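Peer 1: This is the structure I want to talk about, given as structure tokens.
Bear in mind that the values in this text are calculations on the coordinates, not laboratory data. Quantities reported herein were computed from a predicted structural model and do not represent experimental measurements. Counting neighbours? That spans all protein chains shown, and the Cβs are built from the backbone with ideal geometry, glycine included.
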Amino acid sequence: MTQPNIILTGFMGTGKTTLGRLLAEKIGYQFIDTDALIEAQIGQTIAELFQTEGEAAFRKLESNLVEELAQKERLVIATGGGLVLDPKNVAVLGKTGKIICLTASPEEILARISKQQDVRPLLQEEDPQAKIVELLQQRNSVYRQFPQLSTSKLSREELINQLVRFTQAE
């Protein structure tokens, strides 16, 4: 591919969608949020899908979408936080794009998503921060395989500039 896709991954609340939109606009790519696209395709929220059909059904939809998106170029793709837990998804996306993992502290993640807990199926817990820490620990070895960018202390503009620099590096 002459113009590889840029794939932003990482835990929920790390800024994948917000930064992905801004990055796509800055570099003239199309922006895709995998979770939003799946919701549009199935006509229900991911939280509803988790309740009615379970996480496995959602992960299958994610994998199907990955296959489809990997056939395109000039995309900035914001993935769901668990999409890269499947090595097949990573392999498919890695063939046609650069994967970058956005990070943030558990406290910052909770602050960012606290107003969205009803739409975050994995955080339907009595202690959501403890669940965030647990999930981050479980996913750490997967997330660490990608270049990391902490979204905790930089402005959006600084983050976008860093992402642009990363995308231009070989």
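Peer 1: Which helices count as membrane-span-like in the chain under these terms: full DSSP H, at least 20 Å along the axis by C-alpha, Kyte-Doolittle mean of -1.0 or more? Walk me through the numbers on the way to the answer.
Peer 2: Values: long enough: 55-69 (21 Å, -0.31); 128-143 (21 Å, -0.46).
Taking the DSSP H segments of the chain (at least 20 Å long, mean hydropathy at least -1.0), we get 55-69, 128-143.
Peer 1: Summing -39500 (n - 2.57) over the DSSP H runs of n ≥ 4 in the chain and dividing by its residue number, what mean residue ellipticity at 222 nm do you reach, to the nearest 500 deg cm²/dmol? Spell out each step's value before the answer.
Peer 2: On the way: 8 runs with 90 residues, N = 170.
Rounded to the nearest 500, it is -16000 deg cm²/dmol.
Peer 1: Please give the net charge around Tyr29, taking every other residue with its beta carbon less than 11 angstrom from that of Tyr29, where Lys and Arg add +1 and Asp and Glu add -1.
Peer 2: Values: positive: Arg21, Lys26, Lys72, Arg74; negative: Glu25, Glu73.
Cβ neighbours under 11 Å give a net charge of +2.
Peer 1: Separate question: May I ask you to list the lysines whose Cα is less than 25 Å away from that of Lys131, ignoring any residue fewer than eight positions away on the same chain?
Peer 2: Straight-distance partners of Lys131: Lys16, Lys60, Lys115, Lys153.
Peer 1: Based on Cβ point charges of +1 for Lys and Arg and -1 for Asp and Glu, what charge dipole magnitude is obtained for region 32-154 about its Cα centre, in debye rounded to the nearest 20?
Peer 2: Working: 14 positive and 18 negative charges, 133 e Å.
Value, rounded to 20: 640 debye.
Peer 1: Then there's this: For the residue pair Ala56 and Arg112, what label-to-label distance in nm results when each label sits 7 Å from Cα along the Cα-to-beta-carbon direction?
Peer 2: About 3.2 nm, to one decimal.
Peer 1: Here is a further query. Scale the Cα Rg of region 5-168 by the rule-of-thumb value 2.2 N^0.38 Å and send over the ratio, two decimals.
Peer 2: On the way: Rg = 15.0 Å, N = 164, 2.2 N^0.38 = 15.3 Å.
Against the empirical 2.2 N^0.38 Å value, I get 0.98 for region 5-168.
Peer 1: Separate question: What is the Rg over Rh value, at two decimals, for region 22-111, using alpha-carbon atoms and the Kirkwood definition of Rh?
Peer 2: On the way: Rg = 13.9 Å, Rh = 14.2 Å.
Here the Rg-to-Rh quotient is 0.97.
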